[in-house]
1. Look at the range 35-73 and say how many of its residues are in contact with a Lys or Arg (Cβ under 8 Å, 6 or more places away or on another chain) and open to solvent by less than 70 Å² (accessible area, probe 1.4 Å).
2. Go over the candidates LYS80, LYS174, LYS116 one by one and state the one that is open to solvent by 70 Å² or more (accessible area, probe 1.4 Å) and not in a strand (DSSP E or B).
3. Got a sec? Which of TRP161, TRP165 is crowded, with 17+ Cβ neighbours inside 10 Å, assigned to a strand (DSSP E or B) and at pLDDT 95 or above?
4. Going by the structure shown, is ARG153 over 30 Å from PRO29 (Cα atoms), at pLDDT below 90 and either open to solvent by less than 60 Å² (accessible area, probe 1.4 Å) or small (Gly, Ala, Ser) (or both)?
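The values are calculated or read from the model by the stated rules, or taken from the named source; none is laboratory data. Everything numeric here is computed off the predicted structure, so don't read it as measured data. We place every Cβ from the backbone using ideal geometry, glycine too, and count neighbours over all the protein chains shown. Surface accessibility is based on the protein's heavy atoms, side chains included, excluding ligands, DNA and RNA. Shrake-Rupley method; radii C 1.70, N 1.55, O 1.52, S 1.80 Å.
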Amino acid sequence: MRATFVGLLLFSTTTIWAADKIQPLNVKPGLWESTRTIKSAGEMPIPAELLNRLTPEQRARMEERIKAHSASHSTTATEKHCVTKEDLERDKLKLAEAKECTTTVLNSTSTSVKAKLVCNQDGMHATGTLELVAADPEHLNGSYHSTMNGNGRAMNMEGTWTSKWLGASCGNVK
């Protein structure tokens, strides 16, 4: 299971609105650039179904790679994405990119969103919390924490990101 928690994209999860009234974030539509840093610690859970399909040699190599990457590590990535006026009007911010995830919005204002995420797939379970803050219509910051469990393994992930509006035109960026 891979749940990616990223701000300012469309989402395909089931969303449950726990807050009384959901307000769209007061941010501009157009081209945005986001830089995110993800820190993880622990062993990545792998579905038993996947492991069972591997030959003993493939499984041994995968287990080796998992153990080699089980120490704490951090990655940073920057990407551009397009946010339309319709996305903002329909409160479509991608909080998790897996259909197996449910997002519960706990609090929503024009400048912040707090949400809880729960994902279940193939015996794997992940829970997380997310917060987005729009400092102004051209800047968005976010943070999250998640825990994934499955097949006797557990991994904790923490992430932060900053997003800035680049302009009204998205060009060829989706």
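1. We begin by selecting, within the range 35-73, every residue in contact with a Lys or Arg (Cβ under 8 Å, 6 or more places away or on another chain); these are 42-46, 51, 66, 72-73.
With the extra rule that they be open to solvent by less than 70 Å² (accessible area, probe 1.4 Å), the set shrinks to 42-43, 45-46, 51, 66.
Summing the residues that are in contact with a Lys or Arg (Cβ under 8 Å, 6 or more places away or on another chain) and open to solvent by less than 70 Å² (accessible area, probe 1.4 Å) in the range 35-73 gives 6.
2. Numbers: LYS80 fails: not in a strand (DSSP E or B); LYS116 fails: not in a strand (DSSP E or B).
Just a single option satisfies the conditions, and that option is LYS174.
3. Matching residue, one of TRP161, TRP165: TRP165.
4. Details: over 30 Å from PRO29 (Cα atoms): yes; at pLDDT below 90: yes; either open to solvent by less than 60 Å² (accessible area, probe 1.4 Å) or small (Gly, Ala, Ser) (or both): yes.
Considered against the rule, which asks whether it is over 30 Å from PRO29 (Cα atoms), at pLDDT below 90 and either open to solvent by less than 60 Å² (accessible area, probe 1.4 Å) or small (Gly, Ala, Ser) (or both), ARG153 comes out as yes.
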